[in-house]
Amino acid sequence: MNIKHNVPEYILQRSARRRTIEIQVRPDSIRVLAPKRVAQARIDSFVVEKTDWIRTRQQELLLRRSSQLAPVLLEQDSQLLWLGERFKLCISDRATQTRVQLLPDGIKLELSRRIRKPQSEAVLEQLEHWYREQALQLFQQRVNDWSGLMGVVPSTVVVRSYRRKWGCCNSRGVVSFNWLLIMAPLNIIDYVIVHELSHLREMNHSPRFWLEVEKFYPDYPKAKVWLNDQGRGLQWPPVQSDVGNRLNFQGSL
Ligand SMILES: [Zn+2]
């Protein structure tokens, strides 16, 4: 029986080590992880069997996405992400000058009493300014360390706002990074740095490029998965975190 046309579209990943079929549902895609030797027809029928389950889960995830990615208002005690950890925001106004400090128990924002705009606007503006400054410093320092190890030297390091990119590298040797990465764990930042610096050797995503990345960052597949799954949580203005925005179905054979 040919059931092919009823099979929902999915991305298949086979692995020699896997013993079961697993369906991973994301809001706009389905990924199927399967053992190396299972017949395609067996996988298709497994997916067909689970079609209702898949559709329901996708609806759930879409709902969750729309409710959870609403921007949060930054106010006293709001949570801020910093290098993958959450810090409490502590705001004090009527200070003599504006400054931001990272303290062990939180991020302290002092607003100058001369600021005339609404506090919510000033808070966003000052924090963004501070985040960008910190991001640039951190990226320059880490790039410096990594380029020593990797033997490639960029001409300039910059941080920018990108809507859909974490980093970028051009033929003049300028490497740029999305400043929002300052909210990600340091090991993820390091992956993006190694990725961009590897482009100084290989200006493409060929197997040779990935070998170069792997040489200095063997765990890179994990970092890619992290960015795919959690990267949407790195936003400005901040959004509610949506950890767990993925549902798995473990199927046995
Ligand atoms: Zn790349």
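Considering only the other residues whose Cβ falls under 14 Å of the Cβ of Lys88, what net charge follows from Lys and Arg at +1 and Asp and Glu at -1? Let's see the in-between values first.
On the way: positive: Arg86, Lys108; negative: Glu75, Asp77, Glu85, Asp105.
Net of charged neighbours comes to -2.
Using a cutoff of 8 angstrom between alpha carbon atoms and counting only pairs six or more residues apart, the relative contact order for the chain works out to 21 percent. Quick one: go through segment 181-205 and flag any residue whose amide nitrogen is under 16 Å from the point 7 Å out along the Cα-to-Cβ line of Glu128. What the label zone holds, given the 16 Å backbone N cut-off, is 181-183. Once both labels are positioned 7 Å from their Cα atoms along Cα-to-Cβ, the gap between Leu103 and Ser29 label points is 4.4 nm.
Around Phe177, what is the net charge, scoring Lys/Arg as +1 and Asp/Glu as -1 over all other residues with Cβ under 11 Å from its Cβ?
Working: positive: Arg132, Arg142, Arg160, Lys165; negative: Glu196.
Result for the neighbourhood of Phe177: +3.
Subtracting the Cα-Cα distance of Gln13 and Glu214 from 0.36 nm times their residue separation leaves 70.4 nm of extension gain.
Using r as the Cβ-Cβ distance of Ala39 and Lys224, and R0 as 35 Å, what FRET efficiency do you calculate, to the nearest 0.05? List each step's numbers first, then the result.
Details: r = 29 Å, r/R0 = 0.82.
Efficiency, from the Cβ-Cβ distance: 0.75.
Over the chain, with a Gaussian network built from C-alpha contacts below 10 Å, which listed residue (Glu196, Glu128, Glu49) shows the highest mean-square fluctuation? Of Glu196, Glu128, Glu49, the Gaussian network model singles out Glu49 as fluctuating most.
Put the Cα centre of segment 166-228 next to the Cα centre of segment 15-92 and the gap is 23 Å.
Quick one: net charge around Arg132, please, counting Lys, Arg +1 and Asp, Glu -1 for every other residue with C-beta under 14 Å from its C-beta. With Lys, Arg at +1 and Asp, Glu at -1, the net is -2. Against the main long axis of the alpha-carbon atoms of the chain, helix 119-150 sits at an angle near 70°.
A simple spin-label model places the labels of Ser92 and Val48 6.9 nm from each other, with each point 7 Å out along Cα-to-Cβ.
No lab work stands behind these numbers, since they all come straight from the coordinates. Being a predicted model, the structure only gives us computed values, none of them experimental. Every residue, glycine among them, receives a Cβ derived from its backbone with ideal geometry; neighbour counts consider all protein chains shown.
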